[in-house]
Amino acid sequence: MTGGPAAGPLPDPAHEHLTRLWQAHKPAGPVLPWELKRVYGERWVRFHSLPESKRYAEDEAEYAVLLDRYNTVLDELFAGGEAYVVTTDWADPAEPTQWSAHRAALHPEGTLWTTLDDTEDADDPTRWYFYADRRPWRRGCIDPLLRAVADDTLPGVFVTDPGLTRIHHPYDGGADVVLPTPGERDRMRARHTAWLSAHSSGY
């Protein structure tokens, strides 16, 4: 995969710092959110969003549980500071799709940050567009995004600190979390053992 400026619409220069910082990482980024567990596996932990690893909420009580779990971890990562909220799209901004409109409606603050070319399928490469905004973190500020993620209507969301050392990628069923060090990862995992997968791989 390769990342860089988009051909056509120009990335928001406000995000240039984030691009430079991630390109300096080892391994370099950006990466697609669902690849975080592979790229940063030594600092990664996964939490499930509902008891007994249930994947989807069926009523408001279960939505309350999963939002509380998401926000508890997000607060531990970002409370008292600022965070970048990032959403992704595979459609060219000049040719938006219905899904693009859904993403933009849920993340109207997001401006084009960068692109990533996914060439894993050589016959059908995909250019991903990353949209970001920087905000003071407060609990509940992305609950509409989190509900959409939990319903699997908006994949490819993640939240990071400005230093790209703490990353939270919610997905339908849980969240992948990257911490600055293996020790911090272990301490967070120990605080929420009831939310861990029973599988030995941590998945």
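Could you tell me how far the Cα centroid of the range 149-166 sits from the Cα centroid of the range 34-89, in Å? First find each Cα centre; the distance between them is then 8 Å.
Using a probe of 1.4 Å on the protein chains alone, the accessible area found for Arg20 is around 130 Å².
Annotation: Ser53 carries an accessible surface of approximately 60 Å², with a 1.4 Å probe and no ligand, DNA or RNA atoms counted. Over the chain, DSSP H runs of length four or greater, each weighted -39,500 (n - 2.57), average out per residue to a 222 nm ellipticity of -8500 deg cm²/dmol. For the chain, rounded, prolate or oblate, judged on the Cα gyration tensor with a ≥ b ≥ c (square roots of eigenvalues), a/c < 1.5 rounded, else prolate if a/b > b/c? Prolate shape, in that a/c is at least 1.5 and a/b is the bigger ratio. Report the label-to-label distance for Asp92 and Trp34 in nanometres (one decimal), using points 7 Å from each Cα along the Cα→Cβ vector. Going by the 7 Å Cα→Cβ label model, 2.5 nm. For the pair Arg187 and Ala79, the difference between a 0.36 nm per residue extended length and the Cα-Cα distance amounts to 37.2 nm. Stretched out straight at 0.36 nm per residue, the stretch from Asp68 to Thr111 would grow longer than its current Cα-Cα span by 12.7 nm.
Restricting to the chain, compute how many DSSP beta bridges are antiparallel as a %, nearest 5. About 100 percent, rounded to the nearest 5.
Loop-only check: which chymotrypsin sites (Phe, Trp or Tyr not before Pro) in the range 82-186 are DSSP coil with at most 13 other Cβ within 10 angstrom? Don't jump to the answer; show the numbers that get you there.
Details: sites: Tyr84, Trp90, Trp99, Trp113, Trp128, Tyr129, Phe130, Tyr131, Trp137, Phe158, Tyr171; in loops: Trp90, Trp137.
Here the sparse-neighbourhood loop sites are Trp90.
Site pair Glu16 and Glu52 shows an inter-label distance of 5.4 nm when each label is modelled 7 Å from Cα along Cα→Cβ.
With a Förster radius of 35 Å applied to the C-beta separation of Asp143 and Ala24, the computed FRET efficiency comes to 0.60. Among the GluC sites (Glu not before Pro) in the range 49-150, those located in a DSSP loop and surrounded by at most 16 other Cβ atoms within 10 Å of their own Cβ are Glu58, Glu109, Glu120.
Residues whose amide H comes within less than 5 Å of that of Arg127, counting only those at least five positions distant or on another chain, are Asp118 (H built at 1.01 Å from N in the peptide plane). Couplings 3J(HN,Hα) for the range 12-29, derived from phi with the Karplus relation 6.51 cos²θ - 1.76 cosθ + 1.60 (θ = phi - 60°), are 5, x, 5, 9, 4, 4, 5, 4, 4, 5, 6, 5, 7, 5, 10, x, 6, x Hz, where x marks Gly and Pro.
The values are calculated or read from the model by the stated rules, or taken from the named source; none is laboratory data. Note that the structure is a prediction, hence the values are computed from the model and not measured. Backbone-built Cβ (ideal geometry, glycine too); neighbour counts: all protein chains shown. Ligands, DNA and RNA are stripped out before the accessible areas are found, and what is left, the full protein with its side chains, is counted by its heavy atoms. Shrake-Rupley method; radii C 1.70, N 1.55, O 1.52, S 1.80 Å.
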